[in-house]
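These notes concern the structure reproduced below.
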Amino acid sequence: MRAEGMWAPPEQPQVLPALAMKEAWRFVRHPLTLVGLTLWVLRVADDGWDGPRPAFSALTSEMTIYWGIPLFFAAHLVATSARRAEELFAAVPSDQARRTAALCLAALGPFALSCAALAVLVGLYEVTGNELERFPTLGELAAGPVNMLAGCLLAVAVARWLPWRGAPVLVMLGLIAVNMFLIDTRDWYMFSIYLEFALWGPSPYLDAVGFIPVHGGPHALYLLSLGLGAGALAMLKDGSRPGIWLASGVAAVVSAVMTGMAQLW
């Protein structure tokens, strides 16, 4: 028999998955997330059936801009919110590292939702016989959902490392500026986050005129590497084993460089 005062509450290994599920639900039902979804749907409905080039872009690129940017701000607001539903943390104590880990895992919620939305769009293309120059590769299709995942992880990292007002806006403006610079260069455009795989022809830019010489698979892995690096950065702030997260971040950077260059091989 254990002496009085020696009792300790049992470990509850299911705490982290439960927290992650709660936070994932907060991500996907946030008003900004729903606004982004609506914007993407309206954009696709407006030009997804206008011709081969916009039809291809609607499948592979537009999710990043119209849904991904609002999702980034939604995830940041969730990560920085001082309010937590009472049932979320009242049952068991949870330290900051566990909460950060839960937020990182919660990024899988918007990723899954965006994959489902993209599958519905593919189905609509098939049912309506929408014209495409060719069907996108799996890597090209994955670019949008992977950016959704990476955007959530970046938002958590920003919330942990830059806890002041205006920081997410500055980070997003910086990302847009860097992306525009990379796209304008001839040698480094494959390192951009938002990438149009289909080439634009003469105005009104509707005809199929080919594709940029970038492989979709390595590009999706490049985006995933960036996202995992952001997740490692978030955990580095709060995790109990900084060495592991630092090494993970370095590995993610190396992977991003290698997969970025592999896009042209």
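The values are calculated or read from the model by the stated rules, or taken from the named source; none is laboratory data. None of the values given here were measured: they were computed from a predicted structure. Ideal geometry is used to build each Cβ from the backbone, glycine not excepted, and the neighbour counts take in all protein chains shown.
Looking only at the range 34-72, how many residues end up being over 21 Å from Ala142 (Cβ atoms) and among the hydroxyl-bearing types (Ser, Thr, Tyr)?
As a first pass, look at the range 34-72 and keep what is over 21 Å from Ala142 (Cβ atoms): 34-35, 38, 42, 45-47, 49-51.
From what is left, the residues that are among the hydroxyl-bearing types (Ser, Thr, Tyr) are 38.
Number of matching residues: 1.
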Subject >> Close pairs from the range 97-113: first without any contact (Cβ under 8 Å) to a residue 60 or more places away in the chain and under 14 Å from Phe72 (Cβ atoms), partner crowded, with 22+ Cβ neighbours inside 10 Å and not basic (Lys, Arg), Cβ under 8 Å, at least 6 apart >> reply: Phe111/Pro145; Phe111/Val146; Phe111/Met148; Phe111/Leu149; Phe111/Cys152
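Residues of the range 225-244 being buried (at least 20 other Cβ atoms within 10 Å of the Cβ) and not hydroxyl-bearing (Ser, Thr, Tyr), which ones? I'd like the intermediate steps shown before the answer.
From the range 225-244, those buried (at least 20 other Cβ atoms within 10 Å of the Cβ) are 225-236; that's our starting set.
Passing the criteria: Leu226, Gly227, Leu228, Gly229, Ala230, Gly231, Ala232, Leu233, Ala234, Met235, Leu236.
Given the residues Asp187, Asp207, which is the only one that is free of Cβ contacts under 8 Å to residues at least 12 places away in the same chain and surrounded by fewer than 18 Cβ atoms within 10 Å (Cβ to Cβ)?
Numbers: Asp207 fails: free of Cβ contacts under 8 Å to residues at least 12 places away in the same chain.
Unique residue meeting the criteria: Asp187.
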**OP:** For the range 170-179, indicate whether the set of residues that are within 15 Å of Thr80 (Cβ to Cβ), free of Cβ contacts under 8 Å to residues at least 12 places away in the same chain and either of a type in the set (Phe, Trp, Tyr) or in a helix (DSSP H, G or I) (or both) is non-empty.
**Re:** yes
Subject >> Filtered residues of the range 22-36 (kept if in contact (Cβ under 8 Å) with a residue 12 or more places away in the chain and loosely packed, with under 15 Cβ neighbours inside 10 Å) >> reply: Trp25, Pro31
Subject >> Residue satisfying all of: in the range 189-209; small (Gly, Ala, Ser) and modelled with pLDDT of 85 or more; nearest to Pro136 (Cα to Cα) among these >> reply: Ala198
**OP:** Please work out which residue is farthest from Pro54 (Cα to Cα), limiting yourself to the range 208-260 and to residues that are in a helix (DSSP H, G or I) and of a type in the set (Phe, Trp, Tyr).
**Re:** Trp245
**OP:** Among the residues of the range 114-155, count how many are in contact (Cβ under 8 Å) with a residue 12 or more places away in the chain, over 19 Å from His219 (Cβ atoms), surrounded by fewer than 23 Cβ atoms within 10 Å (Cβ to Cβ) and of a type in the set (Gly, Ala, Ser).
**Re:** 1
Subject >> Yes/no for Glu87 being assigned to a loop (DSSP other than H, G, I, E, B), charged (D, E, K, R) and at pLDDT below 95 >> reply: no
Original post:
Under the condition of being of a type in the set (A, V, I, L, M) and not in a helix (DSSP H, G or I), which residue from the range 181-207 is nearest to the chain's Cα centre (by Cα)?
Top reply: Ile193
